[in-house]
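Written below as structure tokens is the structure these notes are about.
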Amino acid sequence: MKNKSLLIIALLLLGTIAGHAQLKRFSIGPYVEAGFPTGDFANTNKTGWGVGLNADIKLVAGFGVTGSVGYMQFAGETFQVIDYATVSAVPVRVGLKYKLISILYVKLEAGTATFTGDLEGTSFLMAPGVGVRLLGLDFQAKYENWFRDGGRGFFGLKASYNF
């Protein structure tokens, strides 16, 4: 009798956990990203690397809200006798995400990039993108522009794992 009671309790707990996992509407996790400068930014800086933390909140009908905070750095190029400064910033992004099919989504994020190091100040940023999410793994391609002094645009690849 005791073993049957334990088995029933275990099955109920497993069913509750499985049901809760399917209703999970919030996830958070770390990310890494690479940025490939375009335009004038490509003439002054090399490929950038970044890390951070992102969050995803599911809404209704395929819509979701996203947010992230991280650190991004683009090393400066050396051109003839000119050494260009390293560009580093703390980007804070919030956005809207729409799931096209079960694993494919489009996303539009906006926010600020607060410069650190040689540059100071804050820039408005805009980042449209497309991504694929399989379970907790999320891969995204985007174009991000930091609107300051003519803009600093780059194509980005971002990989994250959300819990």
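The values are calculated or read from the model by the stated rules, or taken from the named source; none is laboratory data. Keep in mind it's a predicted model, so treat the numbers as computed, not measured. Please note: Cβ atoms are built from the backbone with ideal geometry, for glycine as well, and neighbour counts cover all protein chains shown.
What about Gly39, is it of a type outside the set (D, E, K, R), surrounded by 14 or more Cβ atoms within 10 Å (Cβ to Cβ) and within 19 Å of Gly156 (Cα to Cα)?
Values: of a type outside the set (D, E, K, R): yes; surrounded by 14 or more Cβ atoms within 10 Å (Cβ to Cβ): no; within 19 Å of Gly156 (Cα to Cα): yes.
It is false that Gly39 is of a type outside the set (D, E, K, R), surrounded by 14 or more Cβ atoms within 10 Å (Cβ to Cβ) and within 19 Å of Gly156 (Cα to Cα).
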*asked:* I'd like to know if region 102-111 contains one or more residues that are within 20 Å of Asn43 (Cα to Cα), in contact with a strand residue (DSSP E or B) (Cβ under 8 Å, 6 or more places away or on another chain) and surrounded by 13 or more Cβ atoms within 10 Å (Cβ to Cβ).
replied: no
*Taking only pairs six or more apart or across chains, which ones have beta-carbon atoms under 9 Å, a first residue in region 118-129 that is touching a residue at least 40 places away in the same chain (Cβ under 8 Å), and a second residue that is of a type in the set (Lys, Arg) and outside any strand (DSSP E or B)?*
none
_Just checking, does region 44-62 include any residue being of a type in the set (Lys, Arg), part of a strand (DSSP E or B) and more than 13 Å from the chain's Cα centre (by Cα)?_
yes
*Complete set of residues in region 65-76 that are surrounded by fewer than 19 Cβ atoms within 10 Å (Cβ to Cβ), out of contact with any Lys or Arg (no Cβ under 6 Å at 6 or more places or on another chain) and under 19 Å from Ala34 (Cα atoms)*: Gly67, Val69, Tyr71, Gln73, Gly76
_Suppose we filter Gly111, Gly156, Gly136 for residues that are modelled with pLDDT under 95, of a type outside the set (Phe, Trp, Tyr) and under 30 Å from Arg25 (Cβ atoms); which single one remains?_
Gly136
_Out of the residues in region 130-162 meeting the condition of being touching a residue at least 12 places away in the same chain (Cβ under 8 Å) and charged (D, E, K, R), tell me which one is nearest to Ile103 (Cα to Cα)._
Arg133
*How about region 70-106: which of its residues are over 15 Å from Trp146 (Cβ atoms) and among the β-branched types (Val, Ile, Thr)?*
Thr78, Val81, Ile82, Val94, Ile101, Ile103, Val106
